[in-house]
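A short write-up of the structure that comes next.
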Amino acid sequence: MPTPSRNEQSTIAVLDVGKTNVKLNAVTADGVVLETLSIANPVLPGPPWRHHDLGAIGEWVFSGLGQLARRHPFSAFVASGHGSGGVLVGDDPERGDGTALPMIDYEQPLPEAIKAGYAPLSGSFFDRGSATMHAATHQARQLYWMQECEPEAFSRARWYLGLPQYWAWRLSGAAAAEASLLGAQSHLWNVAERHFAPIVEARGWSRLMPPFADAWQDLGRVSAGLARRYGFPQELRILVGAHDSSLNHYRYHAAGLREFTVISTGTWIVGFSGQTSLDRLDEDRGMTLNSDVFGKPLGGVLTMGGREFSHVAGHEPPDGPVPEQAVLRLIAGRTMALPSFGDDNGLFPGSARYGHIIGPRPETAMERKALALIYCALLTAECVEALGAGPLVVLDGSFLRDPLYARLVAALLPGRQVRFNLDAYGVASGAALLAGQCTRTRPAPLSLAEATDVASLTTAISDYAAEWRATARRQAEPVFH
C-alpha cells in the first residue's frame, strides 16, 4: 500500500459518479484514499423519462464536501463520471439543479421511433467509437431523444456537459468539454480525427458544446455562495475532470508504466491499451475507440463481466474464495459456461441471451461460483487477446477479491506478464493525481503484485480454453431453459 503524502495542503476532493453509486473521497496528491462517503445514485420514474435525481445528489455532494472539508484541508476538487452520462443545462448553475431537461438514465428503454430515427444519423465507427449499444447508452442518442420529444425546453438549453464537467460547472460556473469523457462511446466525438461527429452539426448541437479543456485544467475557484452555505474553503480550485475508466488508466501512466494493457473488472470488464492499432478494432466484438486524458486514442473492449458472473454464480453465491480443486474438477469434466447470459453480446456477436452451461452441471453453490470465476477469467483473456498489444497486463477491480482470479488469467495468458493491483480506488486515485499533472517530478507510488504459482492451472486449462473459445465463437443458437 503506498504511503500517504504528508503534505496536508495537497489533499484533493474527488467525486466519483457511477451508474449505481456516488462516492465522495478525500485523497492525497499521491492518490491514497483517506476517507469515502457514499450514496446510492437515485433514479426517478419520470415524466418525461426515467432520470437521475440531480437535485438530491447535489445536496448530498455539497453537504458531504463541507463535512469532509472540516477534517481534510482540500486544495482542489475534481469529478469523474461514466461515459453514458451527460447533462443538458441552462445558463445558471445555481438555479435548482441547473438542468434544462432531466438527465436520462442510460438503461431506460428507447421509444422505437427514437431508435429508428437515430440509427441513420450516427455516422461511422470512428464517429461513434463503438457499436450502437443497448437502451439509451450513448450521449448523442440521449440528445436526439431530448430534442425530438422536448423541442421547446431543448431550444432554451445553454450547454451539454459530460457528468464530470456538469459537477465542475455546478461548483465553479465555468463550462468545459473534455476529450476522455466525449471519447467514451458518446457518439459525439471522433477520437481518431479529433473532431465532432457529423451528427453534432447536422442537428444544430454545436452551440451546446463548450470549449475544450484538459482534464487537469483549473476552471477557477468554487462559487463563493456555495462555499459560505456549505462550509468548504473559498479558495478551493475546481478541475475539469474526466471519464472514470480513462482516469484509472491515467493512474498507471502517472506511476510510470508504458506499453501496458489494463483490465478493470466490475459490472463491466473494461480493457484499454494505448498500443492497439486502429485497424484492429472490431465493433462487432465489443471493441471501442476511447480517448486517454491527453486526447490520444485508446483501444478498448467492453463486456458485462459482473452481470455474466451473477447469471452463472446465482443471486447469493457463497462467501469465501473459490477452492482451486473445485475449478480443476470443472475443467476436467469440461463443464463450461458459454456466452452470453445478459442482453449484451460482448465479444461474441449474436450471443446475447443465448448463454448456457454445457457438460456436467455444477453440483453445489460453490461449484456454480467456481464456474462463474472460470468463465470471467476466460472473458478477461479474450479481452486481452482482442486488444493484442504489449506484454504487460495489469488487472484491477472487484474480481480480484477472489485470489484465484488473477492466477486463472495468468494461466490463460502464458506469454504475458500478469500483474494485479488490489487497491479498489483506481478511479479516485487517478482523479486526484490530475492535480499534480503539471508539477509531478517523479512517478506516483503504485504497488503491483505478480500472479504466481500458476503452472498447475496452465497445464489444466490450456486445452479447455481452446475448446471453450472455439465453441463460444460459433454462431449462437437459441437455448431453452
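The values are calculated or read from the model by the stated rules, or taken from the named source; none is laboratory data. Bear in mind the structure is a predicted one, so any value in this text is a computation, not a measurement. Cβ atoms come from the backbone with ideal geometry, glycine included; neighbour counts cover every protein chain shown. Accessible surface is based on the protein model in full, side chains and every heavy atom, while ligands, DNA and RNA are left aside. Shrake-Rupley method; radii C 1.70, N 1.55, O 1.52, S 1.80 Å.
Things worth noting here:
- The share of Cα pairs per 20 Å bin across the chain, counted from zero up to the longest distance, runs 24, 56, 20, 0 percent.
- Each residue, Arg361 and Arg258, gets one label point 7 Å from its Cα in the Cβ direction; the gap between the two is 5.5 nm.
- Taking every protein chain into account, the accessible area of segment 33-104 amounts to 37 square angstrom per residue (probe 1.4 Å).
- Packing rank of 80-91, 196-207, where each peptide gets the mean count of other beta carbons within 10 Å, highest leading: 80-91, 196-207
- Label-to-label distance, nm, for residues given as Gln67 and Ser447 (7 Å Cα→Cβ offset): 2.8
- Label zone at Asp279, where the point sits 7 Å out along the Cα-to-Cβ direction: segment 123-164 residues whose backbone N lies under 19 Å: 125-127
- From the alpha carbon centroid of segment 171-198 to that of segment 221-244 is 23 Å.
- Hydrodynamic radius of segment 375-472 per Kirkwood, over alpha carbon pairs, in Å: 15.0
- Centroid-to-centroid separation of segment 116-144 and segment 405-450 [C-alpha atoms, Å]: 32
- 0 to 90° range, to nearest 10: angle between helix 54-69 axis and the chain longest Cα axis: 90
- Vicinal HN-Hα couplings computed from phi for segment 232-242 (Karplus, 6.51 cos²θ - 1.76 cosθ + 1.60; Hz; Gly/Pro x): 10, x, 5, 8, 4, 8, 10, 9, 5, x, 7
- Globularity ratio of segment 83-123, using Cα Rg and 2.2 N^0.38 Å: 1.49
- For the chain, the longest principal axis of the alpha carbon atoms and the long axis of helix 403-412 meet at an angle near 70°.
- In terms of packing, defined here as the mean over residues of other Cβ atoms within 10 angstrom, the peptides 363-373, 451-461 line up highest first as 363-373, 451-461.
- Taking every DSSP helix (H) stretch of at least 4 residues in the chain, weighting each as -39,500 (n - 2.57) and dividing the sum by the residue count yields a mean residue ellipticity at 222 nm of -9500 deg cm²/dmol.
- Dividing the Cα radius of gyration of segment 182-228 by its Kirkwood radius returns 1.13 for Rg/Rh.
- Surface accessible to a 1.4 Å probe, His72 within the full protein complex, Å²: 20
- Loop-resident GluC sites (Glu not before Pro) (DSSP state other than H, G, I, E or B) in segment 374-481 with no more than 12 further Cβ atoms inside 10 Å of their Cβ are absent.
- Ala455/Glu59 FRET efficiency (R0 45 Å; Cβ-Cβ; nearest 0.05): 0.25
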